[in-house]
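Asker: Could you have a look at this structure, given as C-alpha cells, before my questions?
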C-alpha cells in the first residue's frame, strides 16, 4: 500500500485561492492522500466555503493567527500520516505533482524533505521565485535557487530537470517525513514567517539528513499571496530571520567572522533599497538588526537543539558569496555558479 500523505494547506483569508486551486488538488494522481486545511483564524468565509463545497476536506481551525511556522506546528499536531506536504494556498498542482517525489523518498530513506519543481503561475515558462528547482544558500546564509538568483528568474528550458540534493526545500510545496518533522519539533514558531523552512532544512542537515528536489513533479505558484516581496514587514522578517538561522545552525568559529561581514552586506542592501527610493525597506533592515540583537542571548540558547550534529551535511551551500557572484561578477544563472557549490 502507498504511504499515507497529508497535504496541509495553511489558510489565512485566502478563500479565493481555495476556491480556485482545491479542485485541481483533489484530482492529484496519488492513491493515498488526504487534504487538510489549517486555518489561522481567518476573518473571511474560508471555512464556511469549504464546509459547503468541499465537506470531505478536513479542517483544523486555530484560535488565532500563529503565522506560517506556528500555524503548521499547531495544525499538524496529532495528524496521522507517513508524509506531510506543506502546500501554499496559492499553488496550482498538475495531477502527477506528488507521485515522483514520494517514490523518490521511498527509495532514498535518508532524504528528510523534498520538493517538486515550482513554476510561475502567471508565466508557466518561468521558474517561480520561492523555490524554483531547489533552494541553496551561500556562506552568509543568503538564499537563492536553481533557476532564481535574487530577482533574476530564469526560463524553464528543462535545464534543471535532474533530481539533485539541495540545501533547502521551499515551504510553498515541501514534502517532509512525519517522523523527522516530529523529531525536530517542526518549524521554529519564533520565525512567524519567512526563512523558517530554510532553518528546518538546515537542522535536518545538521543531523546528517538530505534535502532534495524532484523536478518530475511540478506545481505552479502565484507567490506573494500574503505579503508581497517588496513589503517592509517581509524585509524585516527576512533579514532578522536570516541572522537567527545563522546563529542557530553555524559553527561558533564561523559565526565570529561571518556575522561582521553579514552586517556590512546587510548595510549595502539597505543602501541599494535607498537608491531605489525604498527607504521603508532600508529602515526595515535596521529594525531587523535591532530586533535580533535585543534577544541575542535567547537565539544563542536555541543553538543546542539545532546543533546536535551527527555528521553535518553542507551539500547545496555556495563556497563564496552570492552577493559577490551576482552583483559584482554579474552571474545571473545557476549554471554559471554551479561549480562553486558543495556537492559532497
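The values are calculated or read from the model by the stated rules, or taken from the named source; none is laboratory data. Since we're looking at a predicted model, the values are computed, not measured. Heads up, the Cβs are rebuilt from the backbone with ideal geometry, glycines too, and the neighbour counts pull from every protein chain shown.
Asker: Which of the residues belonging to the range 1-13 are at pLDDT below 95 and either under 19 Å from residue 41 (Cβ atoms) or surrounded by 23 or more Cβ atoms within 10 Å (Cβ to Cβ) (or both)?
Answerer: Within the range 1-13, none qualify.
Asker: Further question on the same structure: If we scan the range 17-37, do we find a residue that is more than 24 Å from residue 98 (Cα to Cα), in a loop (DSSP other than H, G, I, E, B) and assigned by TED's automatic domain parsing to the domain that holds residue 102?
Answerer: No, because not a single residue in the range 17-37 is more than 24 Å from residue 98 (Cα to Cα), in a loop (DSSP other than H, G, I, E, B) and assigned by TED's automatic domain parsing to the domain that holds residue 102.
Asker: Are there any pairs with C-beta distances below 8 angstrom linking a residue in the range 105-131 that is more than 16 Å from residue 173 (Cα to Cα) and in the same structural domain as residue 194 (by TED's automatic domain parsing) to a residue that is modelled with pLDDT under 95 and surrounded by fewer than 14 Cβ atoms within 10 Å (Cβ to Cβ), with the two at least 6 apart or on different chains, and if so which?
Answerer: 110/208
Asker: Does residue 167 satisfy the condition of being surrounded by 24 or more Cβ atoms within 10 Å (Cβ to Cβ) and without any contact (Cβ under 8 Å) to a residue 40 or more places away in the chain?
Answerer: On the way: surrounded by 24 or more Cβ atoms within 10 Å (Cβ to Cβ): yes; without any contact (Cβ under 8 Å) to a residue 40 or more places away in the chain: no.
When the stated conditions are applied, residue 167 does not pass them.
Asker: Just one of 198, 300 is in a helix (DSSP H, G or I) and surrounded by 19 or more Cβ atoms within 10 Å (Cβ to Cβ); which is it?
Answerer: Working: 300 fails: surrounded by 19 or more Cβ atoms within 10 Å (Cβ to Cβ).
Matching residue, one of 198, 300: 198.
Asker: Something else now. I'm told residue 193 meets every condition in (1) part of a helix (DSSP H, G or I); (2) in the same structural domain as residue 100 (by TED's automatic domain parsing); (3) modelled with pLDDT under 95 except one. Can you identify the failing condition by its number?
Answerer: (1)
Asker: Hey, does the range 173-180 have a residue that's without any contact (Cβ under 8 Å) to a residue 40 or more places away in the chain, touching a strand residue (DSSP E or B) at 6+ places or on another chain (Cβ under 7 Å) and not assigned by TED's automatic domain parsing to the domain that holds residue 301?
Answerer: Looking for residues that are without any contact (Cβ under 8 Å) to a residue 40 or more places away in the chain, touching a strand residue (DSSP E or B) at 6+ places or on another chain (Cβ under 7 Å) and not assigned by TED's automatic domain parsing to the domain that holds residue 301, one finds none in the range 173-180, hence no.
Asker: Hey, another quick one. For the range 208-231, check the following and say yes or no: at least one residue is surrounded by fewer than 18 Cβ atoms within 10 Å (Cβ to Cβ) and in a helix (DSSP H, G or I).
Answerer: No - not one qualifying residue is present in the range 208-231.
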